[in-house]
Amino acid sequence: MRGSQGSPPASERLIWNPAGPDRDLATACQDLAAGRFRPAKDLLATTGRNWDLRCYQMLLLAQAAAASAAVERWRGEEPENRDAVLLQARTAVIRAIRSQRAKHHSTPALIGLAEKSCLEAAELAPGDPTPWVARLQLYVSAPDEAKPRELMAQVRRRDPWNREGFHRLLAAIGSATGGAVSDVFDMARWASSNAPAGSPVHVLPLVAYVDGFQRESGDSARARLINGDRQWAAVHARLDIERAYQSWFASKARAGPTLLPDLHLMAHALWKGGYFTDAKPVFEEIGRYALTMPWSLHGQAAEVFSRARERCMRTPAPPSS
């Protein structure tokens, strides 16, 4: 069905790319998938020690590189290039995780290779948190003798408030590994309470609500409908949403680039909590760059995201005092 004035529905105009407006990252991912590593090399060389951005870039680049030999070609040409070694480690982790999900017979060998690659990267780049973040990601699919909090301690020695590290830690102690909901909330609230103003770590409690919702609802559409508002409407949930908004999104200390998954978590929580006016600038910053999560918790992701965005964007601003 077309729009009332001939324009396509909002869902048709969405851009489904986790790179968001970062065109250099999007291009580098495309080239890696096609077997070319030069754009990725140039991109990572300019990122420097912005660890949150670097971890996110490495993650998306590794996902794109997993089905090609581009990283191996780069490593072959520049065996001591730290970025090549780090990206090879993240790519090895992605391959091991995908093999585990597919229940492929090569999984144990790929997990071993991923562990070896991460340790090699950590030795070559001792001040970089990326190899330890990658090991935390691997832990969720293949728990080993190293405990997730021990791995996170290694991350924090290099970057105390590493965004992805805390997300990986929550996943490692959460529902995916049979952990307790209370542990996820405790860790999320501890990190948020201690993180500096403007840090994306302040969105972690919102991750905990997503984890709790998934556990309560499972695959039941009826349970998801029943729990759809309750999870985010409780008094404690609203307090957590308000704190995340004020301490991160609305904070003058927030420094870019702001990563797309954090914006979607914030917009989703504000929408579910009924903070439509506050959600409006978050949706404006998101623009047309859609993600599946967390919108798919409530149905078809494009439809839910578009409906939420429309509801919040049409909310009038409060009268000035």
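The values are calculated or read from the model by the stated rules, or taken from the named source; none is laboratory data. From a predicted model like this one, the values you see are computed outputs, not experimental measurements. Cβ sites come from the backbone with ideal geometry, for glycine too, and all protein chains shown count toward neighbours. Just the protein is used for accessible areas: all its heavy atoms, side chains included, with ligands, DNA and RNA removed. Shrake-Rupley method; radii C 1.70, N 1.55, O 1.52, S 1.80 Å.
Filter the GluC sites (Glu not before Pro) in the range 67-165 to those in DSSP coil with at most 11 other Cβ atoms within 10 Å of their Cβ, and list the result. List each step's numbers first, then the result.
Working: sites: GLU72, GLU77, GLU80, GLU115, GLU120, GLU123, GLU145, GLU150, GLU164; in loops: GLU80, GLU145.
Sites meeting the loop and neighbour criteria: GLU80, GLU145.
Can you figure out the FRET efficiency of GLU242 with THR292, using R₀ = 25 Å and their beta-carbon distance, to the nearest 0.05?
0.45
So how far apart, in nm, are the two label points at ARG23 and LYS252 if each is 7 Å from Cα heading toward Cβ?
A separation of 3.3 nm, rounded to one decimal place.
What's the FRET efficiency of ARG189 with ARG82 using the Cβ-Cβ distance as r and R₀ = 30 Å, to the nearest 0.05?
Values: r = 35 Å, r/R0 = 1.18.
Efficiency, rounded to the nearest 0.05: 0.25.
For the range 1-138, what mean projected area does the convex hull of the alpha carbons give, in nm²? Walk me through the numbers on the way to the answer.
Values: hull surface 41.8 nm².
In nm², the orientation-averaged hull projection of the range 1-138 is 10.4.
For the chain, build the charge dipole from Cβ charges (+1 Lys, Arg; -1 Asp, Glu) around the Cα centre, then report which of THR107, ALA67, MET266 sits farthest towards its positive end.
It is MET266, whose Cα lies furthest towards the positive end.
Between ALA269, ALA237, ALA134, where does the largest GNM mean-square fluctuation fall for the chain, given springs only between Cα atoms within less than 10 Å?
Of ALA269, ALA237, ALA134, the most mobile in the Gaussian network model is ALA237.
Mind pulling up the Rg/Rh value for the range 225-317? Radius of gyration and Kirkwood radius, both on Cα.
Numbers: Rg = 12.6 Å, Rh = 13.4 Å.
Taking Rh as the inverse mean 1/r over Cα pairs, Rg/Rh reads 0.94.
From the P(r) of the range 58-176, can you give the percent of Cα pairs sitting at distances over 23 Å? Intermediate values should be presented prior to the final figure.
Details: 1654 of 7021 pairs.
Result for the distance tail: 24 percent.
Which FRET efficiency value, to the nearest 0.05, is calculated for GLU120 and MET313 with the Förster distance at 41 angstrom and r the Cβ-Cβ distance? Let's see the in-between values first.
Values: r = 48 Å, r/R0 = 1.17.
Rounded to the nearest 0.05, the efficiency is 0.30.
So what's the projected area for the chain, the Cα convex hull averaged over all directions, in nm²?
Numbers: hull surface 73.8 nm².
Mean projected area for the chain: 18.5 nm², to one decimal.
Can you name the helices of the chain, as whole DSSP H runs, whose Cα span along the helix axis is 27 Å or more and whose Kyte-Doolittle mean is not below -1.0? All intermediate terms of the calculation are to be shown ahead of the outcome.
Numbers: long enough: 82-101 (29 Å, -0.11).
Both cut-offs are met by 82-101.
Considering the chain as a Gaussian network with a 10 Å cut-off on Cα pairs, which listed residue, LEU59, LEU239, LEU291, attains the greatest mean-square fluctuation?
LEU239
Once you have a ≥ b ≥ c as the square roots of the Cα gyration tensor eigenvalues for the range 156-315, tell me rounded if a/c is under 1.5, and otherwise prolate or oblate according to whether a/b is larger than b/c. Display every interim value, and only then the final one.
Working: a/c = 1.64, a/b = 1.09, b/c = 1.51.
Verdict is oblate for the range 156-315.
Hey, what's the Cα Rg ratio for the range 105-172 versus the globular rule of thumb, 2.2 N^0.38 Å?
Details: Rg = 11.5 Å, N = 68, 2.2 N^0.38 = 10.9 Å.
That ratio works out to 1.05.
Scanning the chain for trypsin sites (Lys or Arg not before Pro) in DSSP loops with at most 14 other Cβ atoms within 10 Å, what's the longest stretch left with none? Don't jump to the answer; show the numbers that get you there.
Working: sites that count: ARG2, ARG49, LYS103, LYS252, ARG288, ARG314.
Answer - 104-251.
So, for the chain, what is the accessible surface per residue at a probe of 1.4 Å, expressed in square angstrom? Write out the running numbers ahead of the final one.
Values: 15030 Å² over 321 residues.
On a per-residue basis, 47 Å².
Just to be sure I follow the rule: in the chain, considering lysines 8 or more places apart or on different chains, how many pairs have Cα atoms under 24 Å apart?
Details: LYS41/LYS116; LYS103/LYS116; LYS103/LYS147; LYS116/LYS147; LYS252/LYS280; LYS272/LYS280.
Lysine pair count for the chain: 6.
In the Gaussian network model of the chain, springs joining C-alpha atoms below 10 Å, which of ASP240, ASP229, ASP278 carries the largest mean-square fluctuation?
Maximum among the listed residues: ASP229.
So, with a 1.4 angstrom probe, what is the percent of accessible area on the range 1-144 that is carbon and sulfur?
Values: 3670 of 6850 Å².
Of the solvent-accessible surface of the range 1-144, carbon and sulfur hold 54 percent.
What does the helix-only formula give at 222 nm for the chain: each DSSP H stretch with n ≥ 4 adding -39500 (n - 2.57), the total divided by the residues, and the result rounded to the nearest 500 deg cm²/dmol?
On the way: 17 runs with 203 residues, N = 321.
Counting only the DSSP helices, I get -19500 deg cm²/dmol.
Among rounded, prolate and oblate, which fits the range 179-220 when a ≥ b ≥ c are the square roots of the eigenvalues of its C-alpha gyration tensor, a/c under 1.5 means rounded, and a/b larger than b/c means prolate? Walk me through the numbers before you get to the answer.
On the way: a/c = 5.13, a/b = 2.15, b/c = 2.38.
Judged from the Cα gyration tensor, the range 179-220 comes out oblate (a/c at least 1.5, b/c at or above a/b).
At 7 Å along Cα-to-Cβ for each site, give me the label-to-label distance between ASN50 and ARG101 in nm.
Label-label distance for ASN50 and ARG101, simple model: 2.8 nm.
Looking at the square roots a ≥ b ≥ c of the eigenvalues of the Cα gyration tensor of the range 211-277, which shape do they give, rounded for a/c under 1.5, prolate if a/b is larger than b/c, or oblate? Numbers along the way, then the final one.
Values: a/c = 2.78, a/b = 1.89, b/c = 1.47.
Cα axes put the range 211-277 in the prolate bin.
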